[in-house]
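Below: one structure, written as structure tokens.
Laboratory data are not the source of any read-out in this text; all were calculated from the coordinates shown. These figures come from a predicted structure and were not determined experimentally. Cβ placement follows ideal geometry from the backbone for every residue including glycine, while neighbour counts extend to all protein chains displayed.
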Amino acid sequence: MVSRIAIRTSVIILSLCAALAVIVAGLVFIPGSPLPDEWNPRKPLVATAAHNFLTPSKLRFAISDYQSCQAALTDLGVKFKTLPDKNVSEQCHILDQVQISRLSQAQISPLKTTCGTALRLAMWEYHAVQPVAKASLGQSVARVSQIGSYNCRAIRSVNGPTDRMSEHATANAVDIAGFQLADGKRISLLKNWNGTDGQQSFMRQIRDGGCNYFRITLSPEYNALHADHFHFDQGRWSSCN
Ligand SMILES: [Zn+2]
């Protein structure tokens, strides 16, 4: 008796799974699918769409092609110009190079980096920095203070230099030190990480938001070397702290 009920339950579950698979396949593959592009795995990245579980793979795909990466920057309203590849050595280079001077809304001092790093940074600013600033600080961010992307050097640790090259050596990383708000007030990680409640909330929420767009996000909570900046990169490891 029990086994008959178990078999009947299994058949029902399998039937429901099969029906669901057919519905999902239909939504994904039919021409003119009603699925929004950001929820359709066959459609390219929609840089302005909220993060979902498909965003990381769509972002990787967009960044794998210089033209589609530039198109995504344009969709976000990023001000940029293309530059030739910078080939210093096998370990040190900037491929698919761009120079950005404004993110979606915030100004940024001219930053030479890969198109991929620029796109991840711009999506972070669009989806995390600006909305969180309005919610926590009551105003938008007018300027993001960057302290560099490309730097041909080894990884630094609290015990000194290591023998592994930094993601900065290929501009696959970027460091952010602070912000200027719409009213002109400046806030920095060094001075305001433990500032007012609003500043603390802003800093921690945008650190967490960075983890949606970069594999590694390091803040003052990581170690003393990051007391004054966020480090974002897209290296092999994954860390968010
Ligand atoms: Zn860094």
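What the table shows:
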| read-out | value |
| --- | --- |
| Cα radius of gyration and Dmax for region 36-153 (Å) | 14.8, 46 |
| Distant-in-sequence amide H partners of GLY195 (H built 1.01 Å from N, under 5 Å) | GLN200 |
| Separation of alpha-carbon centers, region 195-210 and region 57-75, rounded to whole Å | 28 |
| Within region 83-101, backbone nitrogen closer than 18 Å to the virtual label 7 Å beyond the Cα of CYS152 toward Cβ | 84-98 |
| Highest-first arrangement of 72-82, 116-126, 201-211, where packing means the average Cβ count within 10 Å | 116-126, 201-211, 72-82 |
| Residues VAL11 and ARG236, FRET efficiency given R0 of 35 Å [Cβ-Cβ distance, rounded to 0.05] | 0.20 |
| Backbone HN-Hα couplings from phi across region 229-241 [Karplus 6.51/-1.76/1.60, Hz, Gly and Pro as x] | 7, 8, 10, 10, 8, 10, x, 6, 7, 9, 7, 9, 6 |
| Cα Rg over Rh - region 106-210, Kirkwood | 1.01 |
| Nitroxide proxy distance, nm - points 7 Å out along Cα→Cβ at SER3 and SER201 | 6.0 |
| For the chain, built as a Gaussian network whose Cα springs stay under 10 Å, the top-fluctuating residue of ALA21, ALA135, ALA173 | ALA21 |
| Gained length - THR162 relative to ASP85, 0.36 nm times residue gap less alpha-carbon distance | 25.0 nm |
| For region 108-121, Karplus couplings with θ = phi - 60° (6.51, -1.76, 1.60), whole Hz, Gly/Pro x | 8, 5, x, 10, 8, 7, 6, 4, x, 5, 4, 5, 4, 5 |
| Unsatisfied cross-links (Cα-Cα over 28 Å) in the set LYS58/LYS81; LYS112/LYS185; LYS58/LYS112; LYS58/LYS79; LYS43/LYS86; LYS79/LYS134 | LYS43/LYS86 |
| Using alpha-carbon coordinates, inclination of helix 66-76 to the longest axis of the chain, degrees | 80 |
| ³J(HN,Hα), Karplus 6.51/-1.76/1.60, whole Hz, each residue of region 141-146, x for Gly, Pro | 9, 8, 8, 9, 8, 9 |
| 14 Å beta-carbon shell around ASN194, net charge (K/R +1, D/E -1) | 0 |
| Relative intensity, log₁₀ I(q)/I(0), of the chain from a Debye sum that treats every alpha carbon as a point, q = 0.07 Å⁻¹ | -0.30 |
| Fluctuation leader among ILE12, ILE216, ILE30 - the chain, Gaussian network, Cα springs under 10 angstrom | ILE12 |
| GNM result for the chain, Cα springs below 10 Å: residue of LEU20, LEU83, LEU95 fluctuating most strongly | LEU20 |
